[in-house]
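**Q** Have a look at the structure that comes next, please.
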Amino acid sequence: MSWISDTHLRGLAWMALSLVLSCVLTALAIRYARRNNVVDQPGQRRSHSTPTPRGGGIGIVVCGVLGLIALPLLELHIDLQLRFIASIVLIAAIGWIDDHRPLPAWLRFVVQTLAVGVWLAPLLRVALLPSSDASALGTSQFETAGVALLLVVLTLWSVNLHNFMDGIDGLLATQAIFVLSALTVLGLRESTSPHPLQLAMWIAAILGFLPFNFPRARVFMGDVGSGVIGFIVAVAIVWQTSMPEIAFASGFIAVSAFVTDATCTLLSRMLSGRRWYHAHREHLYQWLTRTGMSHARVVMLYMGWNVLVVAPVLWLINRKVIVEQDNAMSLPSGLPWAIGVYALAVALWICGKRYCARRLRSAGAATRLAHASA
């Protein structure tokens, strides 16, 4: 196939090596966590019933960063992205420390903001320059500043929402593999782009971690892994939106399951007057497990959304891109489809919460009746 080059083949070889190394590092992380008591204990706000080591995501981070360093050696036209790597290291470092001893939320947020600022430094620098310099890029300084602020906010939200959604066995890892795989496949349309190979390195690293986390978790990813994955997903979407061969809304559609659950849960807590920044068990995936569903079944429900809704929509909107390119027409953004996908996701989130509430009320009533009969 024309889009598979020698670089891609060498990349596949490195992916295989990365997957094996990730397995080894995850196994070592489990031993380290047990020796140093880096363990999540069961509790009221936890979805597991046995003490489980955390911090296994360090293997993902190490393998992903090594992949980014190896790529310039595989192909000369791929540059070593030091700012990108530095941002990853900052987010991983604060997460690793937090896995060992809880840090104040404000400190984690400051370091995450710094990391995002390092990655977006060129854009932020342009936003702060005189308007004539910003205009050289074809936009006003106000517009550039608006885009920079939006990217900072969305990237920070991605970092934290992926941390929120890392609460049951395998959910974050499988979702990350799906999203990054979808964007990698779509990115292969642009044969000169290094981004598909960069994302593939992270897919391999997460695949190496997955057997230790699903279907039964022997280790949790921890903040060191979840924060970095959230950052990588945000970067991947930014990369994707810059590729004219791909429908603009593709990345936002790909992450719809997590974005809907995390955002709706946060808004519902804020609107009800609860302390939204405190730990809780009110995400839909947590409600589903409280009704008695196994972690594996809940993960399959989320993957069912990806396979039955997200994947067909991505295929459809990007098929239209090819057709309209052939007809020399402007590229569609896919925005109407994204609105429809999120509307459906919100409706399902509401229905899911109501279903869980009914199940829990019925179970509570049955328990009280059993105690009364006894």
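The values are calculated or read from the model by the stated rules, or taken from the named source; none is laboratory data. Keep in mind that this is a model prediction, so the values were computed, not measured. Quick reminder, even Gly has a Cβ in these numbers, built from the backbone with ideal geometry, and neighbours come from all protein chains shown.
**Q** Please tell me if Thr7 is modelled with pLDDT under 95, surrounded by fewer than 21 Cβ atoms within 10 Å (Cβ to Cβ) and assigned to a helix (DSSP H, G or I).
**A** Against the criterion (modelled with pLDDT under 95, surrounded by fewer than 21 Cβ atoms within 10 Å (Cβ to Cβ) and assigned to a helix (DSSP H, G or I)), Thr7 qualifies.
Okay, residues lined up against (1) of a type outside the set (A, V, I, L, M, F, W, C); (2) more than 16 Å from the chain's Cα centre (by Cα):
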| site | (1), (2) |
| --- | --- |
| Phe209 | no, no |
| Ser226 | yes, no |
| Ile232 | no, no |
| Gly273 | yes, yes |
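**Q** Would you mention how many residues in segment 171-182 are over 8 Å from the mean Cα position of the chain (by Cα) and either free of Cβ contacts under 8 Å to residues at least 60 places away in the same chain or farther than 17 Å from Glu245 by Cβ (or both)? Don't jump to the end; show me each part of the working.
**A** Here is the first cut: in segment 171-182, the ones over 8 Å from the mean Cα position of the chain (by Cα) are 171, 173-174, 177-178, 180-182.
Filter once more, so that each one left must be either free of Cβ contacts under 8 Å to residues at least 60 places away in the same chain or farther than 17 Å from Glu245 by Cβ (or both): 171, 173-174, 177-178, 180-181.
So the count comes out to 7.
**Q** Let me ask something else about it. At pLDDT below 90 and of a type in the set (Gly, Ala, Ser): which single residue out of Ala93, Ala86, Ala70 fits that description? First the steps, then the outcome.
**A** On the way: Ala93 fails: at pLDDT below 90; Ala86 fails: at pLDDT below 90.
So the residue among Ala93, Ala86, Ala70 that is at pLDDT below 90 and of a type in the set (Gly, Ala, Ser) is Ala70.
**Q** Could you look through segment 280-317, keep only residues that are over 21 Å from Ala249 (Cβ atoms) and polar (S, T, N, Q), and pick out the one that is farthest from the chain's Cα centre (by Cα)?
**A** Thr291
**Q** Please determine whether any residue of segment 284-292 is at pLDDT below 95, in a loop (DSSP other than H, G, I, E, B) and either exposed (fewer than 12 other Cβ atoms within 10 Å of the Cβ) or touching an Asp or Glu at 6+ places or on another chain (Cβ under 7 Å) (or both).
**A** Yes.
**Q** Moving on to the next point. Of the numbered conditions (1) closer than 24 Å to Val118 by Cα; (2) free of Cβ contacts under 8 Å to residues at least 24 places away in the same chain; (3) among the aliphatic types (A, V, I, L, M), Val185 fails exactly one; give the number of that condition.
**A** (1)
**Q** Output the residues belonging to segment 91-110 that are farther than 16 Å from Ala33 by Cα and free of Cβ contacts under 8 Å to residues at least 12 places away in the same chain.
**A** Within segment 91-110, Leu103, Pro104, Trp106, Val110 meet the criteria.
**Q** Can you confirm whether segment 261-273 contains a residue that is assigned to a loop (DSSP other than H, G, I, E, B), surrounded by fewer than 23 Cβ atoms within 10 Å (Cβ to Cβ) and on the phi > 0 side of the Ramachandran plot?
**A** As a first pass, look at segment 261-273 and keep what is assigned to a loop (DSSP other than H, G, I, E, B): 272-273.
From what is left, the residues that are surrounded by fewer than 23 Cβ atoms within 10 Å (Cβ to Cβ) are 272-273.
Then drop every residue that is not on the phi > 0 side of the Ramachandran plot, which leaves 273.
Yes.
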